[in-house]
1. All but one of (1) over 23 Å from residue 104 (Cβ atoms); (2) out of contact with any helix residue (DSSP H, G or I) (no Cβ under 7 Å at 6 or more places or on another chain); (3) modelled with pLDDT under 95 hold for residue 145; state the number of the condition that does not hold.
2. Taking region 192-209 only, how many residues are part of a helix (DSSP H, G or I) and either buried (at least 21 other Cβ atoms within 10 Å of the Cβ) or in contact with a strand residue (DSSP E or B) (Cβ under 9 Å, 6 or more places away or on another chain) (or both)?
3. Pairs under 6 Å by beta carbon, first residue closer than 25 Å to residue 54 by Cα in region 194-220, partner loosely packed, with under 15 Cβ neighbours inside 10 Å and modelled with pLDDT under 95, six or more apart or different chains?
4. Could you identify the single residue in 133, 137, 189 that is outside any helix (DSSP H, G or I) and either crowded, with 18+ Cβ neighbours inside 10 Å or in contact with a helix residue (DSSP H, G or I) (Cβ under 9 Å, 6 or more places away or on another chain) (or both)?
5. Restricting to region 46-79, count the residues that are free of Cβ contacts under 8 Å to residues at least 24 places away in the same chain, surrounded by fewer than 17 Cβ atoms within 10 Å (Cβ to Cβ) and not in a helix (DSSP H, G or I).
6. Do we have residue 135 as farther than 23 Å from residue 57 by Cβ and either in the same structural domain as residue 169 (by TED's automatic domain parsing) or modelled with pLDDT of 90 or more (or both) here?
7. Just name the residue that is surrounded by the fewest Cβ atoms within 10 Å (Cβ to Cβ) out of those in region 165-186 that are under 22 Å from residue 110 (Cβ atoms) and over 22 Å from the mean Cα position of the chain (by Cα).
């Protein structure tokens, strides 16, 4: 389909009238008529192989360029616009984000963490009313008691004179069930927080699609 036709359809019927493939093709299509058709076909093939938008966002940049035939410029445009859309969905336009329940935690960090193929540990630093002051990536890779240090975990909260933190980490296997080590580490950090007068409000484990709140699981 010609780019001008897609533009006219968007203008007259609104962006909701275009398929996801057509929207992305409209964004990255060149002006050449022949290339427009090629881009739409490549986009349809990319969707078929990656499954959905998240699959494309997580796809290797080089793979998009080489396997699917997009140049570096178009591949960069594609992943940039998807990342921008993800940020709009995850981080609403508000000056502060308040955590009132574990569902608010999930809304904030789930999209960033549930598809990762390596473990991450994030710390949400909160003020006295549980507004998020910082969302900090603390560790990436294998996360266990040998790498976790209470001093490092609490340092961002101490620096910001924060009252509370929430721990978040993912299980790349997709199984959100806490391991015995997850539970032991959580208990140690809760105890350390009590000494520092910084409350660990929760430790949330992100799987795919499930998640587990250790506060609800073991209570403290």
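1. Of the numbered conditions (1) over 23 Å from residue 104 (Cβ atoms); (2) out of contact with any helix residue (DSSP H, G or I) (no Cβ under 7 Å at 6 or more places or on another chain); (3) modelled with pLDDT under 95, the odd one out for residue 145 is (2).
2. Total satisfying the criteria: 3.
3. Listed pairs, sorted by first residue: 207/174; 208/174.
4. Values: 137 fails: either crowded, with 18+ Cβ neighbours inside 10 Å or in contact with a helix residue (DSSP H, G or I) (Cβ under 9 Å, 6 or more places away or on another chain) (or both); 189 fails: outside any helix (DSSP H, G or I).
Only one candidate passes the filter, namely 133.
5. Final tally of qualifying residues: 5.
6. Values: farther than 23 Å from residue 57 by Cβ: no; either in the same structural domain as residue 169 (by TED's automatic domain parsing) or modelled with pLDDT of 90 or more (or both): yes.
Taking the combined requirement at face value, the residue does not satisfy it.
7. Initially, region 165-186 is screened for residues under 22 Å from residue 110 (Cβ atoms), giving 165-179, 182-183, 185-186.
Pick out the ones that are also over 22 Å from the mean Cα position of the chain (by Cα) and you get 179, 183, 185-186.
Details: 179: 12, 183: 14, 185: 23, 186: 21.
Of everything passing the filter in region 165-186, 179 is surrounded by the fewest Cβ atoms within 10 Å (Cβ to Cβ).
The values are calculated or read from the model by the stated rules, or taken from the named source; none is laboratory data. Keep in mind that what you see is a predicted model, and the values were worked out from it rather than measured. Cβ coordinates were reconstructed from backbone atoms using ideal geometry, including for glycine residues, and neighbour counts include every protein chain displayed.
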